[in-house]
Structures are given as structure tokens and as C-alpha cells.
1. Students sometimes get this wrong: rank B:2, A:297 by accessible area, probe 1.4 Å, all chains present, largest first.
2. In terms of solvent-accessible area of protein heavy atoms at a 1.4 angstrom probe, what is the ranking of A:17, A:171, highest value first?
3. Give a residue-ordered list of calculated ³J(HN,Hα) values for the stretch A:167-174 (Karplus: 6.51 cos²θ - 1.76 cosθ + 1.60, θ = phi - 60°; whole Hz; x for Gly, Pro).
4. Of the residues A:36, A:246, A:370, which exhibits the maximal mean-square fluctuation in a Gaussian network model of chain A defined by a 10 Å Cα contact cut-off?
5. Rounded to the nearest 10 Å², what accessible area does residue A:32 show when all protein chains are kept and the probe is 1.4 Å?
6. Would you calculate the volume per residue, in Å³, of the smallest convex hull containing every Cα atom of the stretch A:178-297?
7. Just for the Cα atoms in chain B, what are the lengths along the principal axes, largest first, rounded to whole Å?
8. Cα convex hull of the stretch C:8-86: how many Å³ per residue?
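The values are calculated or read from the model by the stated rules, or taken from the named source; none is laboratory data. Predicted, not measured: the structure shown is a model, and the values here were computed from it. Reconstructed Cβ throughout: ideal geometry from the backbone, glycine too, with neighbour counts over all protein chains shown. In case anyone asks, the SASA skips ligands and DNA or RNA and just uses the protein heavy atoms, side chains included. Shrake-Rupley method; radii C 1.70, N 1.55, O 1.52, S 1.80 Å.
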Amino acid sequence: MDAPDQIFVLLKHAVVSWFPTPVQPWISAVLSIGAILAVYPMIFALTTVIERKALGRIQNRPGPNRVGPAGFLQFAADGIKSLTKEDIVPRAADSVVHFLAPLVVVVPPLLALAVLPVGRNMVALDLPETGLLFFLMVGTAVELGVFMAGWSSHNKYSLLGAMRAIAQLLSYELPLLLSTVSVVMLTGSLSLNAIIGHQSEVHAGVLLGWNVFTPWGAAGAVLFFIAALAEANRSPFDLPEAESEIVAGYFTEYSGFKFALFFLGEYLGLFAVSGLGITLFLGGWLPPLTVLSWVPSWLWFFGKLAVLMGIFIWLRGTLPRLRMDQLMRFAWQFLLPMSLINLLVAALWQYSTPWPHLLRWLPAAILFGIPYLLYHRAFLRQHPPRTYRYAS
Amino acid sequence: MSAATLHLLLAAAMFCIGLAGALCRRNAILVLIGIELMLNAANLNFLTFWKYGPQPQPLDGPVFVLFSVAIAAAEAAVGLALIIAIHRRYRTTQLEEISRLRG
Amino acid sequence: MPPEPVLSLAFAIVAGLVLGGSVAAVSCRNRVHAGLFLAVALVGLALVFLRMGAEFLGFIQILVYVGAVAVLIVFAILLTRGSDSAHERRSNAPGIGIGLAVLLWGVLAWGILHRSPGAIATPSPPPSMAVRDLGERLLREELLPLQTVGLLLTAALIGAALIALPEPGISPRPSGSHGSAGTETPPSSPT
């Protein structure tokens, strides 16, 4: 292929070929791991600065603007500060578990990032049989780390944060898994590369066949990203670390570098789950238009990631936090039934392939529309529109 | 000693550790932990016979393990719900103290 | 691929993880530690599955057991704490249980080591597990058991929710009646 698309792949081949044959697999693995360890924390650093600046603009204040050009070196200052801070372990804490918890929170997202294809031929760990399953498996390990952090701190706020976190993560895992199942059903493979390959068909000349352009894909993407926000503890689902309610939730008792590790783990988790969403629904590294295929594939992946991060920052600045009962009700009474309906729609879509296009959309619209309207009416009955007597 | 023997010995050891836990511990949740260990030892045996044994039909072992995992998950959920309900009524999870039939 | 030695270092490490985790899980006095060691043992078992070439099952093992069952167990430990102290007393006669277990393991090991040599013959092509084959098998030959398991899981879900729901008429007994209330006051649970 053309050079800019494959530049990193070629570079890696060139470096690996310098070494003798027996160590070549090791060098290749080390290079891939090094790339992951370098790229994603760098994106994390930039994201924190951009997020703080964007939140600042939303709240009509400048945000960080002192360190470096326009404040963009703020992450370096924060990093040095957290490294040099004293590391405090509470006397009542369970010191071993307290020490292990940040590691259990940071390592799984890094493992998950390894299986994401970020460009054509660019995937650190290709699992042709079980790629998606590996990703989901690794995601569940974070729950235990969160629990370990909250329990070992021996602090009421930490424990409350941990219990909120476990309840939330377990509940939102179901819609997350079920919305990925629809993609697996239609692709017929758990390999992430195969899922991207399945979305590369050309429809209508210019648009490529991303999953999001089908009824089940569109609904699945919405369900997936809502659940992903909750899995990543992002606002408006940031109850486990709601600072106005329970200080900082499960990592209240962490300071210095360990606190930074929790912060890093949270953002890496967000990148990983957004990357999975991009892979499953938004075509991975595929361009949206065939005329744009000269742009390197990895640029498409990271561009989509940047757009998603922008949307998530926007949501964080806009939406208020949910209450605990609202959170659980939303997961079990809305997201879960809707993702089950989504599976049905995906099956109908698969079996109605010979039908004309408009006719294929009709059952999906009915299946989604009627429950949604019913939910809407039930919601309005419970929560009638508020009237403000004196405000107007 | 073959790999099959090693895996079988490991499974047997795991089963016996789980059995000892289920017999000795007095807390309902810890008994459940012992039972989970025993179930997992059985799964390991299924996979060992699939991998190293004669196969009348391929994939018998993995299919059995899949069903076993699903049923174990249901068992754990119901068991823990029972323990929580009992705890709510008797304020204890020590098995010896839950001895009354009429609450 | 050269044939690997039977007792490799990798197997020793993984087996050590399984056995050590299991022993700690059933012998730890701190209940939360016991739950965490259960997770360690089950991760070790998943690694054993991976070494046997059962990639799919190893991942399922971690997804279900570590992601769901171990988390549920520690969650239940948190929900039921406060009534009795976090460190429970030893059993009155642990020797009987341990003795029985050791005896059983001895019998099993004797049986495994002295079985007739032809009982387990390594098949000439080492079995591999394609996920597609597994899916075909589940959805064609094992369709009825699969549906039954789905029904069972649904029933378990509803049943667990109903059982754990607080009964309206019953007020909990005062916690002092058993004399083993913990010295620390637990934070109120959010449920």
C-alpha cells in the first residue's frame, strides 16, 4: 500500500530485521508494547488539558493557561506534582490490598488496548478467534480493582464509592455485552479485524457500510456508548467518585502517584471502550467516504477517538449527575430491554437481506418506536412537567 | 508421568481443598467459596479428558464446561441472594446459628 | 513445534497459583481476603485452560467467575458484614474436615496414578477448539439444553431478585442478640 498508511508497520519491520531471527518475536512484542505504553498515556495527558480547558470555556472561565504555550504543558506540571507528593497509606488500611488496587485498575485497560486495531495491519495482539471476548474479559477485571481500592482504604466514603461502583459496573455490563452481541451475530466472528472487514462494503457509491448505518447498529451504538460512559465512570454516571457526595469515592484515601494511576486507569479505560465502540460501530480505521481513502488509516482511528472524546467532554460539562436509584432503574428497565430488542432487530435484519431497503427499516422502526413511546408515556406519568410559578 | 496425570492431580487437589473449606468453615459465604472451587475442579477434569483422552465426539468437554459455568453462575446468584435474605432476618451468616425452622 | 516437557516451569507457576489461591481462599480468616484469593485461584485456573489450548473457555472463565461470581461474593460479604465480626472463629473440629479431604485426595491420587495405562491415550491429532465449531454444536445438537440453561438463568435472575428483596412485614431482629456484633460501626449500605 501507500507509504503514509503503513509507515509504522514498515518502520517496525525495519527495526525487527536488524536483530537475529531467534529474538525477533520478542523484539516485535516489545516494540508493540512500547508503542501502546507511549501513545495512549500521551493522549491521556493531552486529553486532561483539553478537557480542563473545554470545561473552563463551558463554565465561562479560561481554564489552565499558565504552563507552556496556552497552558498545554499543564499535564507535565501535574505529573511532576503527583510524583513528588507524599504517598500516604492510612494506618487502618489493609496495606497489601491498598498497594495492589491501583495496579489492578491500570493494567487491564492497557491489555484491552493491545487488541484494538488502530490501522490497517496495526494491531499489537491479534486474536483471530476470540478478540472481542478478550476485550470484554479484561474489562471485567477492573471491577475487582475498584472494590479492592474502596474496601482496603477502611474509609466510609471509599466503601460507599466501591459499592456504588460495583453495582453500577455490574448493571451496565449487561447492555454493553448485549449491544456487542448484535455485531457478533451479523459478522459471524469474534475477531475485531473481521468485524472491521465486514464494514468495508461500499453502499451507494460513497458511503461505506459502517454498522452504525443500519437500524440495529445505530441503536446498538447509542446503547453501547451510554453503557460505555457508565463503565468508564464518566459524568453523568460518575456516582462512584461523586466529589460533592462522597469526596472522591473509592480512591479518597490515595495520594501522590497512586492517585495519578487511578486517574490514568480511568482515562485508559475510556479510550479502550471508545476504541471498541469505534471498531464495532463506526468502522474502525475505515474512512467514511471512498474518496478519502488516501488519508492514513491510523489517522482515521485516532480522529474518531478525538471526536468521541470531544463529545464526552461536552456531555460532562452539560449533564447533571444521576441519582443512584435513577441509575439502576435506567440500566435495568430501559437499557437492558432495549438491547434485547436490538438483538431481535439484528436477527430480522439478517433474515430480510433480499427485501428492498425501505422495507427492511420498517420492522426495526416499529420494534424500537413502540417500546420507546411507551417508556416515554410512563416516564411522563411518573414525572409530570414541572411548573415554576415564580421563575417565569 | 503424563500431562493428563498432572492435570488430573491438580483437579483432585483443588476439589479436596474446596471440600475441606466447605466442611470446615462456618460462614455461609465461605462455604459457597469452597463449593465454587469444587465446581471449578470438575471443569478442569472435563477439559483434561477432552484434551488428552479418547474422543467419541469432539468438543464434548468444552460444551460440558460451558453449561457447567452457566449453571454455576446461576447457583452463585441464588445462593448469595439466599444468604443475604437470611442475614436480613437472623443478622448472622454463621451456619450454626441459623438453626430455627420458623423465623 | 517441539513437544514441551510435561512438568514445565509455566505449569508449575500456574498450578502454584491455583493451589495457593485455593488454600488461601478456604483458610483465610479475613472474609474479604478469602474472596480475593478465590479470584486469584480462578484466574490461575483460566491460565491452565489457556495452556491447554482452550482459549475461549479460559476467557469465559475469567469473564464469568472473576468478573461476576467473585465480585458478587465480595459484594455479599460487604452486605452481610457488621452482624458478626470480620474475623470469624475457627471451626470446632477442623481436623475432621481436613482429614477427610486429605484422605479423599490420597484415594484419588492413587487411582489416577494406578489407572490402566490404556484408559487415557493421547489422541494422535491434538484437539483444537474453533469457536465456530463450538457455536455450531451448541445451536444445532445442544439446542434444547441451551434453551433450558437460558430458562434457568432467567429464573435464577428473577428468583435471586425476589429472594433478596426486603420482605415488607418483617423487621430485622436486633443485632445484639447474638453477642458477636462487630466493634466497628459499619457504614449504612446504599441499597
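1. B:2, A:297
2. A:17, A:171
3. Rounded to whole hertz, the list is 4, 5, 5, 5, 6, 7, 5, 4.
4. Highest fluctuation of the listed residues: A:370.
5. 20
6. So the per-residue Cα hull volume is 132 Å³.
7. Projected onto the principal axes, the Cα atoms of chain B cover 53, 26, 16 Å.
8. Value for the stretch C:8-86: 60 Å³ per residue.
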